[in-house]
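As structure tokens, the structure follows; a few thoughts come after it.
The values are calculated or read from the model by the stated rules, or taken from the named source; none is laboratory data. Bear in mind that the values here come from a model prediction, so they are computed numbers and not experimental data. Because the Cβ atoms are built from the backbone with ideal geometry, glycine has one as well, and the counts that use them run over all protein chains shown. Only protein heavy atoms, including side chains, enter the accessible area calculation; ligands, DNA and RNA are left aside. Shrake-Rupley method; radii C 1.70, N 1.55, O 1.52, S 1.80 Å.
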Amino acid sequence: MMPGVLRGLAIVIAAVAVIDPAITTARNSKPEIALVTTDSTHSRLSNAVENGLSKRFTVLHAPFAGAAATVLIGDRLPASTAALAGPVFAVLPERAVPSVRIIGVAAPARAPLHSRVPITSTLVVRSGGSRRLDVVLRMNGIVIDRVQRQLTADADLSVSLNFVPATTGPARLQLTAELDGSSESAASDLLVDVHEQRWSVLFYDTRPSWSSTFVRRAIERDPRFVVTSRVLTSRNISSDAGGPPESLEPYSATSLHDAIVIGAPEGLSEPDVAGLDRFMRQRGGTVILLFDQNADGPYRRLTRVAEWTVRNAVTTVVSNGERLRASTVMWPARLPAGARPLAQDSLRQPVLWQLAAGAGRAIVSGALDAWKFRDPSQSDFDRFWQTLVAQAAASAAPPVAIELTHPLLAPGRSTDVTVTIRDPASGNPPERSISRVSAAAAIDLPGGPVAIRLWPDGLGRFRGSLRAPATTGTYRVNASSDAGRTTAVLMVGQAFSQPVPDQRDLVTALASSRGGSAVSEHELEQLPDRIANVLQPATRRETWHPMRSAWWILPFVLFLGTEWWWRRRRGLS
């Protein structure tokens, strides 16, 4: 009986294989997940994420439109968010403790010779306890400024350093930040184009003023300034130097200057105030009001202050580390909306403050008798006003300005080029004069200048793109228009350090806005459950043929072989 059973089973297997039945079932498929690593330094974390997801999902290392979900790895935003499909999740790497990061550096692209150039860095510090932060500014490996801060906890802080150029030409600087007792450090390279420039400053006194007189003398001693002055000594009589305008009303006269200093502002007329207002808004210039008494006048339209507070007591006003001493000071009873203090006295009252006006600003000084304390042992009178007026003049918009988004580039990389044309001193409204201007730009290469195509990008603004040459070196990028011409420096080289913006909050917000969430590296085990809770199980019906499996050959051969062996054992045929 045994041989018959075995032979029958083999025949059944063969018969079913010939029939080839089909079976349809419903089963859950593994969702496809796209992994996007935003920083190549996080390859280890990317592998850990893949290992944690691969048991429940199909993981692909690229964004694709059909992905059930996308997982971002890193603390930066991807170059483009358009290709991110499905709900977005983020895995944020743990930061080393202690650590320091430079997330931003603010520095002018151009600076005058012998001027103090402010370099401001924004840092994120994870100190891991009490440590000293050392921020150093170097040029050609030589330390030119240093700031040390003692930290007791984590901090997001801003640190200001100064650079005083002694020679013209491009100056490559490097900013470094280090924590005491830690190997963690951060660096950022920057480029400042140093040039010879003399600012044009107009002093206009509505009557003889000691405050304005001694500030003017301090500015005249500084070779960075070209000073023009007009002092109204009486009706229709004035003391002039350098060919000043007879009135502040015509824009064609005031627009020739970078800054205007007003002595005795209470004597300004309504046309003068209107001219100064236009100088600030249209020219982008700075007006400095030097008060020596509390008096009413049309100037109030510039300051927007209705009531002043006067205090008679010897006090010291500090700005940028420089001291100004006075025995009578004045400040607004209430600062106007948008005003910002520049210097405060010992009672923290805003004796010196500024107020934006269009593209320019007004600076108001309430140190009424600071001129009496000019002795260097008592105050830094000359240096205080030289620094303030230099900063005011430097902020004025030039006739033509050019800006490179990234002045330090690797060969073949690209940067945006922006050319801005200031409203000409024609007296016409900006919309009538700027709308007709044009601009051209080119980069100077060894074989000759190569034009950069510019496109209009708003009123008086043009934008283009520049690809860095393949050869390392320093190149000049020129821009010109009917208003004038200017230049910028492009340095092409390798291994430039750049600030790393802190985008963790943006990454978290992106994930939340796309229906997902963010987890930190130590919460990685939560990620599969979070994704599964958001995704709907994908069920599909599958038709399969069980007899097509090659494994059926094993029982078929086993049954026939056993039946043959059994028959041979008993001598059956």
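Side notes on the structure shown:
- Measuring only protein heavy atoms, the 1.4 Å probe finds Ile237 accessible over about 90 Å².
- Around the amide H of Leu342, modelled in the peptide plane, lie the amide H atoms of Leu352, Trp353, Gln354, all under 5 Å away and 5 or more residues distant in sequence or on another chain.
- Relative to the dominant Cα principal axis of the chain, helix 43-53 is inclined by about 40°.
- For the peptides 286-293, 187-194, the ranking by mean Cβ contacts within 10 Å, running from highest to lowest, is 286-293, 187-194.
- Cβ charges +1 (Lys, Arg) and -1 (Asp, Glu), total dipole of the chain, debye: 1820 debye
- Loop-located GluC sites (Glu not before Pro) in the range 224-308 whose Cβ has at most 13 other Cβ within 10 Å (DSSP): Glu246, Glu307
- Dipole-positive endmost among Ser252, Thr486, Val273 within the chain (Cβ charges, Cα centre): Thr486
- Each Lys and Arg contributes +1 and each Asp and Glu -1, all at the Cβ; summed about the Cα centre of the range 156-276, the dipole is approximately 660 debye.
- Mean residue ellipticity (222 nm) of the chain, computed from DSSP H runs ≥ 4 via -39,500 (n - 2.57), nearest 500: -6000 deg cm²/dmol
- Amide N of the range 294-338 lying under 20 Å from the label point, which is placed 7 angstrom from the Cα of Thr120 along Cα→Cβ: 318-323, 336-338
- For the chain, convex hull volume per residue from C-alpha positions, Å³: 266 Å³
- Asp502 sits with roughly 60 Å² accessible to a 1.4 Å probe, with DNA, RNA and ligands left out of the calculation.
- Heavy atoms of Lys30: accessible area, 1.4 Å probe, square angstrom to 10: 110 Å²
- For the range 260-387, the alpha-carbon radius of gyration amounts to 1.01 times the rule-of-thumb value 2.2 N^0.38 Å expected for a compact globular protein.
- Estimated dipole of the range 29-150 in Debye, rounded to 20 [Cβ of Lys and Arg +1, of Asp and Glu -1, Cα centre]: 460 debye
- Taking 7 Å steps out from each Cα toward its Cβ at Thr471 and Ile237 produces label points 6.8 nm apart.
- Relative to the longest principal axis of the Cα atoms of the chain, the long axis of helix 504-513 makes an angle of roughly 60 degrees.
- Normalised by residue count, the range 30-81 yields a Cα convex hull volume of 67 Å³ per residue.
- Accessible surface, 1.4 Å probe, highest first, among residues His545, His522: His522, His545
- Top positive-direction residue, dipole computed over the range 461-557 with Cβ charges, set Gly516, Val500, Asn533: Val500
- Those trypsin sites (Lys or Arg not before Pro) in the range 199-243 that DSSP places in a loop and that have at most 11 other beta carbons within 10 Å: Arg221, Arg235
- Beta bridges per DSSP with both ends in the chain, % antiparallel, nearest 5: 70 percent
- Positive end of the dipole of the range 117-224 (Cβ unit charges, origin at the Cα centre): among Val125, Ser211, Leu173, the Cα lying farthest that way belongs to Ser211.
- Sorting 165-174, 145-154 by average packing, meaning the other beta carbons within 10 Å per residue, from highest down gives 165-174, 145-154.
- Available extension along the chain between Ser549 and Arg281 is 88.2 nm, counting 0.36 nm per residue and deducting the alpha carbon span.
- Normalised per residue, the volume of the convex hull around the Cα set of the range 442-568 (Å³): 425 Å³
- A straight line joining the Cα centroids of the range 91-132 and the range 324-389 runs 29 Å.
- In terms of packing, defined here as the mean over residues of other Cβ atoms within 10 angstrom, the peptides 381-394, 131-144 line up highest first as 381-394, 131-144.
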